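Quick notes on the structure that follows.
The values are calculated or read from the model by the stated rules, or taken from the named source; none is laboratory data. What you see is a predicted model, and the numbers here were worked out from it, not measured in a lab. Glycine also receives a Cβ, built like all others from the backbone with ideal geometry; neighbour counts cover every protein chain displayed. Calculation scope for accessible area: heavy atoms of the full protein, side chains included, ligands and nucleic acids excluded. Shrake-Rupley method; radii C 1.70, N 1.55, O 1.52, S 1.80 Å.
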Amino acid sequence: TLGAYFDVPASRAGITVFQLMTHTSGIAPHILLSDHASGPDDALRVILESAPVCPPGTQVHYSCMGYILLGKILEQLGGAPLDVLANRYVFAPLDMRHTGYRPAGDNIAATEIHCLCGVVHDENARFLGGVSGNAGVFSDLADCTAFASMLACGGVYRGRTFLSPDLMRDAIRNHTPGMGENRGLGFHLRSEGSFHGSLFPMESFGHTGFAGTSILVDPASSLYAVLLSNRVHPSREDRGFLTLRRQFHDAALAFSLPFFYNIP
């Protein structure tokens, strides 16, 4: 529970890591930290003292603030900054050589009208120094393919078990039936109007990024789709992209299935 990691108000002490991971904690979806916190070290107080949107465990409300808390918990458990832990336990073992926080160089897509290059687009992650549990990771297609391939192979990467079978099954199981959205452990499962499109099966899972990225996996066929776009340049107001992403997933699956089933 949160009370095991932070000095929290009594009303928040019983919120669990499971609820943070499934977006059922009741913590506000978004708080502009720069308007309320005196600095990055004050961010936890602002989040933990914020008004809840619902009682914990009753509804799904996607919460970036909850994932900021998860990042802070990981830092406590791992005894290192989140970017170090991510590289140690995820990026390096999966040979993701071009993935990480706060990248350097000029081969980086700009975001929005401010043309931020190598700087996270999300205002809260930027306020926290560019390393956060809710945003800030930069990558490329080759590295995202390695990650998606591992998921499509049931947690196995190049013959090595990266995620155990039990953990994979639990991660992609619907833990939020009847709560408005289908959520696994960190993953967004298909539900009415979700980003998956109309052809990927109900068992498919993945996630999106606000800036226009997504990974989607069909565990039955081991097919996966990776989309790296830049919908926030020059403006974040492009809502048409949301339809385009669903169409992309439909097209990807429709194109791939004949090869999977060996249809001439």
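Being part of a loop (DSSP other than H, G, I, E, B) and of a type outside the set (D, E, K, R) is a property that holds for A135. Pairs meeting the criteria (first residue in the range 44-58 and without any contact (Cβ under 8 Å) to a residue 60 or more places away in the chain, second residue open to solvent by 70 Å² or more (accessible area, probe 1.4 Å) and of a type in the set (G, A, S), beta carbons under 8 Å, at least 6 apart or on different chains) are P52/S11.
Total residues in the range 9-43 satisfying the condition of being in a loop (DSSP other than H, G, I, E, B), closer than 27 Å to H188 by Cβ and not basic (K, R): the figure is 14.
Entry remark, the range 96-139: residues being open to solvent by 50 Å² or more (accessible area, probe 1.4 Å) and of a type in the set (D, E) number 2 in total.
Residues checked against (1) of a type in the set (S, T, Y); (2) out of contact with any helix residue (DSSP H, G or I) (no Cβ under 7 Å at 6 or more places or on another chain):
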| position | (1), (2) |
| --- | --- |
| D7 | no, yes |
| Q19 | no, yes |
| T22 | yes, yes |
| I27 | no, no |
| D35 | no, yes |
| D41 | no, yes |
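All of (1) at pLDDT 95 or above; (2) surrounded by fewer than 20 Cβ atoms within 10 Å (Cβ to Cβ); (3) not small (G, A, S) hold for L257 with one exception: (1). Restricting attention to the range 190-213, which residues are open to solvent by 10 Å² or more (accessible area, probe 1.4 Å), more than 24 Å from V232 (Cβ to Cβ) and touching a strand residue (DSSP E or B) at 6+ places or on another chain (Cβ under 8 Å)? Those that are open to solvent by 10 Å² or more (accessible area, probe 1.4 Å), more than 24 Å from V232 (Cβ to Cβ) and touching a strand residue (DSSP E or B) at 6+ places or on another chain (Cβ under 8 Å): R190, P201, M202, E203. The condition (being part of a helix (DSSP H, G or I) and either modelled with pLDDT under 95 or open to solvent by less than 30 Å² (accessible area, probe 1.4 Å) (or both)) is satisfied by just one residue among V46, V84: V46.
Please enumerate the residues belonging to the range 214-242 that are within 23 Å of S149 (Cβ to Cβ) and surrounded by fewer than 19 Cβ atoms within 10 Å (Cβ to Cβ).
Kept after step one, since they are within 23 Å of S149 (Cβ to Cβ), are these residues of the range 214-242: 214-229.
Passing the criteria: P219, A220, S221, S222, L228, S229.
Across the range 66-76, not a single residue is classified as loosely packed, with under 15 Cβ neighbours inside 10 Å, closer than 30 Å to A142 by Cα, among the basic types (K, R) and modelled with pLDDT of 95 or more.
For the structure I just gave you, tell me whether F162 is more than 17 Å from the chain's Cα centre (by Cα) and crowded, with 17+ Cβ neighbours inside 10 Å.
Numbers: more than 17 Å from the chain's Cα centre (by Cα): yes; crowded, with 17+ Cβ neighbours inside 10 Å: yes.
The answer is yes for F162.
Please determine whether any residue of the range 175-182 is open to solvent by 50 Å² or more (accessible area, probe 1.4 Å) and closer than 23 Å to N124 by Cα. No, because not a single residue in the range 175-182 is open to solvent by 50 Å² or more (accessible area, probe 1.4 Å) and closer than 23 Å to N124 by Cα.
Of the strands (runs of 3 or more DSSP E) that lie entirely inside the range 194-256, those containing 2 or more residues that are over 21 Å from G136 (Cβ atoms) and within 20 Å of the chain's Cα centre (by Cα) span 213-218, 223-228. Within the range 55-83, being within 18 Å of the chain's Cα centre (by Cα) and of a type in the set (V, I, T) holds for V60, I68, I73.
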